[in-house]
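Report on one structure; see the data block that follows.
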Amino acid sequence: MKMNKKTLTKLATLFVGVFILGSCSTDPKSPGYEYMPDMYRSPAIEPYVDYGEIRGRINEDVKMKMSALTPPAFTIPYYEGKDSAFVQMMLPYRRMPDSTYANVAPFYGWTTSKFNEYELAKADKNPILLNSKDSEATFKKGKELFTAMCQHCHGEKGDGKGPMVLSGAYQGSGIPNYSTLQIEEGQMFYSIYYGKNKMGAHSSQLNKEEIWTLVHYIKRFQDKNYGKFDKNGKAMWGVSADASKESQSAKPVGM
Ligand code: HEC
């Protein structure tokens, strides 16, 4: 009985040893033999992965095919938290595309509005309120977004002379000079979200918070004091915009 126990322990140790050593590999870059690869590598489909070749196995059907698809309409991000303003911001944009978008990608097949939504959007106000404390942070974020997503067409100065226009890569006209653009902020949002003529829609690349941040950023091209506060914390730009800050109710109206 005693002898048997010893033999068993020896056998078990040997087995475990073989098991562990067996997973080693001489290739320093190789993780060795993986007994349950799905436990370390997510089998979920991830964006920007070519699933046509996984660890040397070729699947011709999906090779070179895009795995990142535009999320279905009205998809909202998962959020665990209690910030209702943030939730409001992440909910789908309340304006539908109007009928002029019926055959425009990526809104093909969407239910379109029978109203002139662009006209109605005049009433929408930027829900991101500017105040003397964090206004500049909003403009800093706006600059980052603008540089990455818009500047190549609209130009660093917002004059419509971006590098793509100057180099001739963008063949077309109609890029406005922001300083003379006479539209309301809600309309800016609508056009950035759904696109307009030669400008594509940005609804799948930017969320509403980012677009409203850009709207603030664009308005500084129109008034260099926009979003600036004097040392007493008083808004330095136009009267109507002046009223829009601190006194403005926190209720988001432009969503
Ligand atoms: C491919 C070049 C291109 C890119 C990139 C681009 N735009 Fe435009 N944008 C245009 C053109 C062209 C127009 C003029 C559309 C028209 O009125 O026909 C325009 C117009 C606009 C307008 C005025 C819309 C209106 O209703 O008159 C705003 C605001 C705007 N763009 C903001 C942005 C922002 C913000 C970005 C970046 C997220 C951006 N654009 C990216 C080409 C571009």
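The values are calculated or read from the model by the stated rules, or taken from the named source; none is laboratory data. Bear in mind the structure is a predicted one, so any value in this text is a computation, not a measurement. In this analysis, Cβ positions are derived from the backbone assuming ideal geometry, glycine residues included, and neighbour counts consider all displayed protein chains. Please note that ligands, DNA and RNA were not included when accessible areas were found on the heavy atoms of the full protein model with its side chains. Shrake-Rupley method; radii C 1.70, N 1.55, O 1.52, S 1.80 Å.
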For this session: Can you send over the carbon and sulfur percentage of the accessible area for the stretch 19-62, probe radius 1.4 Å, protein chains only?
Result: 59
Problem set entry | Exposure rank, largest accessible area first [Leu11, Leu21, Leu206; 1.4 Å] | Leu21, Leu11, Leu206
Exercise. Among Ser67, Val87, Ala105, whose Cα sits farthest toward the positive end of the charge dipole of the stretch 55-117 (+1 at Cβ of Lys/Arg, -1 at Cβ of Asp/Glu, about the Cα centre)?
Worked result: Ser67
Problem set entry | Difference of contour (0.36 nm per residue) and Cα-Cα distance, Cys24 to Leu181 | 49.9 nm
Problem set entry | Lys, Arg +1 and Asp, Glu -1 on Cβ, resulting dipole of the chain about Cα centre, debye, nearest 20 | 760
Seminar exercise, completed: Relative to the chain, whose Cα atoms define the longest principal axis, helix 208-222 and its Cα axis are tilted in degrees, nearest 10, by 40
Seminar exercise, completed: Taking a crude spin-label model, label points 7 Å out from Cα along the C-beta direction, the Lys82 to Glu46 distance in nm is 3.4
Exercise. On full extension of the chain, what length is gained from Asn4 through Phe115, given 0.36 nm per residue of separation minus the C-alpha to C-alpha distance?
Worked result: 31.3 nm
Exercise. When the dipole is taken about the Cα centre of the stretch 30-96, and only Lys, Arg (+1) and Asp, Glu (-1) are charged at their Cβ, what size is it in debye, to the nearest 20?
Worked result: 320
For this session: Subtract the Cα-Cα distance of Met36 and Glu156 from 0.36 nm times their separation in residues, and report this length gain in nm to one decimal.
Result: 38.1 nm
Exercise. So what's the angle, to the nearest 10 degrees on a 0 to 90 scale, between helix 2-21 and the longest Cα principal axis of the chain?
Worked result: 40
Exercise. So what is the accessible area of the chain per residue, in Å², with the probe set to 1.4 Å?
Worked result: 70
Problem set entry | Fluctuation leader among Ser203, Ser173, Ser113 - the chain, Gaussian network, Cα springs under 10 angstrom | Ser173
Problem set entry | Proximal charge balance of Lys140 [Cβ under 14 Å; K/R count +1, D/E count -1] | +1
Problem set entry | Tensor-based shape of the chain (alpha-carbon gyration tensor, a/c under 1.5 rounded, otherwise prolate or oblate) | prolate
Problem set entry | Selection from Gly227, Asn4, Leu14, by position along the positive dipole direction of the chain (Cβ) | Asn4
For this session: For n ≥ 4 DSSP H runs only, could you compute -39500 (n - 2.57) per run for the chain, divide by its residues and tell me the 222 nm figure to the nearest 500?
Result: -10000 deg cm²/dmol
Exercise. Once the Cα atoms of helix 135-149 and of the chain are each reduced to a long axis, what angle between those two axes, in degrees from 0 to 90 to the nearest 10, is obtained?
Worked result: 70
Seminar exercise, completed: Net charge (Lys, Arg +1; Asp, Glu -1) of residues whose beta-carbon lies under 15 Å from that of Gln182, Gln182 excluded, is -1
